[in-house]
Amino acid sequence: MDTSDPALPLPAVTVTPAERVFPTLTAHQITRIAAHGRRRPTERGEVLVDVGDKVVPFFVVISGEIQALQPTAAADTLIVSHHAGQFSGEANLISGRRAMARLRVVEPGEVIQLAREQLLALIQTDAELSEILMRAFIQRRLGLIARDLGDVVVVGSTHNAGTLRVKEFLTRNGHPFHSIDLDRDKDAQELLDRFQVNVADVPVVICRGAVVLRNPTNARIADCLGFNEEIDEARVNDLVIVGAGPSGLAAAVYGASEGLNVLVLESNVPGGQAGSSSRIENYLGFPTGISGLDLTGRAYAQALKFGAHVMVAKGATRLACDGQRYTVEIDEGRRIPARAIIIATGAEYRRPALENLSTFEGAGVYYGATPMEAQLCIGEEVVVVGGGNSAGQAAVFLSSTTRRVHMLVRGPGLADTMSQYLIRRIEENPAIEVRTRTQIVALEGSGRLERIRWRDDRTGEIEGHDIGHVFMMTGASPNTAWLRGCIVLDDKGFVKTGPELSSDELSQAKWPLTRPPYLLETSRPGIFAVGDVRSGNVKRVASAVGEGSIAVALVHQVLRQ
Ligand SMILES: Cc1cc2nc3c(=O)[nH]c(=O)nc-3n(C[C@H](O)[C@H](O)[C@H](O)COP(=O)(O)OP(=O)(O)OC[C@H]3O[C@@H](n4cnc5c(N)ncnc54)[C@H](O)[C@@H]3O)c2cc1C
């Protein structure tokens, strides 16, 4: 992550990097924090927070010394010592997740203690302290990630799809983990054999140093790490946002910052498609580009800062719109009532019709080109399938670390589907070879992808190549199956909104009001659709963000009526 975070600008004074991560607050700043919490004495040896604690207070040291420690079987590893004027905590104080470190008093003295809610209230009202605390928390989390100081160990293989999925889930959730590669660490393989862990059980995830999970689902990992708060089915949320891509996160930031009680449901990890983009260069305000993970990671932190509740690995399975109130059903059949709903479920990569595609997904076939996938094919030949902007970005990005990139394009060229700036870069890049009117016809390999066959549609000739990495960047279809019959969709399954809905469609959908639907409103009053899932949407991060924020203004209007 870029540590010179423009979203969280530095204070005007000159500070060293260490002071940014572990700053010493001024007396005036401490007085402002004290107004939100309580002063209390500390005792030598007192454990203020322990690893795995769900309730994690925030402490400012007035006198004495507190150490943040990573407990291990052998001994506690010191992460940092906090002295007078310094404060505890990292990103999980904002997200409300379990503590990853132990906080112990080594020199008795006095602290100011704030509960998480008091801390959130402080950062929402005090811009200067918000800047200092947010920056420190984010950079401390980055430090934990860089030093592998997490509470999770992933034992897996680079050739295993489940291992890639789990690592991606943890990485995109910003959760540090230590990784053991079975292909390199023969002792680890022997250990797994002794415990009769077979191939289907890989990866093995050791969660919080205690629970051993065999090839767990993302939802199981989220539960173990306490990523989600308890859902209160009795509480009616002002606004439920389904999907935490750029459009859903933008709606969450605007909704929560404007005082709405907001719950976001995300079936996988926050960030959506944008989160899998290696470099977004056309989003306003980032002239040198920004990785999708960085951009959406910041948006996620921003939504949490304003008090939005975000549930990860908790997908909506059904929208119930027949009763008096809308409810969104989630995985375990639980129902979440809402006064208004924003559908922001985006789209999913199209999977070409290749017989054994799923065998190689994550084991040579990838749907995103981020540094994580790039690491797997350094110095090798790769194939990028597709002729759109995402394929172009992937090809340019991969060309810097691989030996050769073959771009396979079904159409006659790139001009109709790709931005000019990318076409120029591809044409000028000797490491990228574009093959038009060409498509993959077979994937081969045992255990992982080893060989590809592609066909030139002009000649019908099939060529075989020993290439073990294919990036499928062939567009997407909308995630609307869960809406089943509730909402009017277009012929491709995208959600119709506002002026797109004809009077026939509205009368068939039994639109109950005298006013027509608002701009982003669906065929149900109070249910909006934004971003890639919406019919007629321009598939860009900026338009997703714009629509997410506009929808919130319209939600206010509906809630007032
Ligand atoms: C590789 C790649 C590179 C790109 N590069 C650029 C670029 O450079 N510039 C640009 O402007 N655009 C780019 N785009 C397009 C851009 O990412 C999308 O337009 C944008 O992400 C759309 O945002 P969204 O929030 O509408 O949907 P998405 O990003 O698709 O997010 C939808 C979210 O909803 C979740 N979801 C789906 N179903 C459910 C459910 N039932 N319950 C709960 N959650 C659900 C998904 O897991 C996902 O997180 C790129 C896209 C890709 C794939």
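The values are calculated or read from the model by the stated rules, or taken from the named source; none is laboratory data. Treat the numbers as computed from the prediction; the structure is a model and nothing was measured. Cβ: placed from backbone, ideal geometry, glycine included. Neighbour counts: every protein chain shown. Just the protein is used for accessible areas: all its heavy atoms, side chains included, with ligands, DNA and RNA removed. Shrake-Rupley method; radii C 1.70, N 1.55, O 1.52, S 1.80 Å.
Mind listing whichever residues of region 407-439 are out of contact with any Lys or Arg (no Cβ under 6 Å at 6 or more places or on another chain), buried (at least 19 other Cβ atoms within 10 Å of the Cβ) and within 21 Å of GLY368 (Cβ to Cβ)? The answer is MET407, VAL409, LEU414, MET418, LEU422, ILE426, ILE432, VAL434.
Which of the residues that make up region 46-59 are open to solvent by 30 Å² or more (accessible area, probe 1.4 Å) and modelled with pLDDT of 95 or more?
Kept after step one, since they are open to solvent by 30 Å² or more (accessible area, probe 1.4 Å), are these residues of region 46-59: 46-47, 50-51, 53-55.
Within region 46-59, GLU46, VAL47 qualify.
Scanning region 234-260 for residues that are of a type outside the set (S, T, N, Q), more than 8 Å from the ligand (Cβ to nearest atom), in contact with a strand residue (DSSP E or B) (Cβ under 8 Å, 6 or more places away or on another chain) and under 15 Å from ALA308 (Cβ atoms) gives ARG235, ASP238, LEU239, VAL240, ILE241, ALA251, ALA252, GLY255, ALA256, LEU260.
Checking GLN124, GLN118, GLN86, GLN67 one by one, the residue that is within 20 Å of GLY307 (Cβ to Cβ) and modelled with pLDDT of 90 or more is GLN118 and no other. When ASN218 is tested against (1) away from the ligand (no atom under 13 Å from the Cβ); (2) in contact with a helix residue (DSSP H, G or I) (Cβ under 8 Å, 6 or more places away or on another chain), only condition (1) is not met.
Residue count for region 261-278, restricted to those that are more than 7 Å from the ligand (Cβ to nearest atom) and either open to solvent by 20 Å² or more (accessible area, probe 1.4 Å) or in a strand (DSSP E or B) (or both): 4.
Residues in region 216-260 that are open to solvent by less than 30 Å² (accessible area, probe 1.4 Å) and in a loop (DSSP other than H, G, I, E, B): PRO216, LEU225, GLY226, PHE227, ASN228, ILE231, GLY243, ALA244, GLY245, LEU260.
All conditions in (1) among the aromatic types (Phe, Trp, Tyr); (2) more than 13 Å from the ligand (Cβ to nearest atom); (3) within 23 Å of the chain's Cα centre (by Cα) hold for TRP511, with the sole exception of (3).
For residues that are in contact (Cβ under 8 Å) with a residue 24 or more places away in the chain and closer than 10 Å to VAL240 by Cβ, scanning just region 320-329, find the one that is farthest from the ligand (Cβ to nearest atom). In this case the residue turns out to be TYR326. Take GLY85 and tell me if it is out of contact with any Leu (no Cβ under 7 Å at 6 or more places or on another chain) and on the phi > 0 side of the Ramachandran plot. Here the answer is no, as GLY85 does not meet what is asked. Looking across region 136-173, the residues that are outside any helix (DSSP H, G or I) and at pLDDT below 85 come down to ARG147, ASP148, LEU149, GLY150, ASP151, THR158, HIS159, ASN160. The set of residues from region 345-359 being at pLDDT 85 or above and of a type in the set (Ser, Thr, Tyr) comprises just one member, THR345.
Quick one: what pairs do we get from region 451-477, first residue under 18 Å from ARG403 (Cβ atoms), second part of a loop (DSSP other than H, G, I, E, B), C-beta under 6 Å, 6+ apart or different chains? Matching pairs, first to second residue: ARG451/ASP466; ILE452/ILE467; GLY468/GLY364; GLY468/LEU449; GLY468/GLU450; HIS469/GLY364; HIS469/CYS377; PHE471/ALA369.
If we keep just the residues of region 290-335 that are hydrophobic (A, V, I, L, M, F, W, C) and open to solvent by 50 Å² or more (accessible area, probe 1.4 Å), which is farthest from VAL264 (Cα to Cα)?
This residue is LEU293.
Scanning region 341-361 for residues that are surrounded by fewer than 21 Cβ atoms within 10 Å (Cβ to Cβ), within 16 Å of the ligand (Cβ to nearest atom) and outside any strand (DSSP E or B) turns up ARG350, ARG351, PRO352. Residues satisfying the criterion are present in region 367-379 (criterion: closer than 22 Å to ILE467 by Cβ, surrounded by 23 or more Cβ atoms within 10 Å (Cβ to Cβ) and either touching a Leu at 6+ places or on another chain (Cβ under 9 Å) or hydrophobic (A, V, I, L, M, F, W, C) (or both)). Checked against (1) touching a Leu at 6+ places or on another chain (Cβ under 9 Å); (2) buried (at least 17 other Cβ atoms within 10 Å of the Cβ); (3) modelled with pLDDT of 90 or more, SER130 meets all criteria but (2). Residue count for region 230-250 under the criterion of being closer than 16 Å to ALA338 by Cβ and in contact with a helix residue (DSSP H, G or I) (Cβ under 8 Å, 6 or more places away or on another chain): the result is 7.
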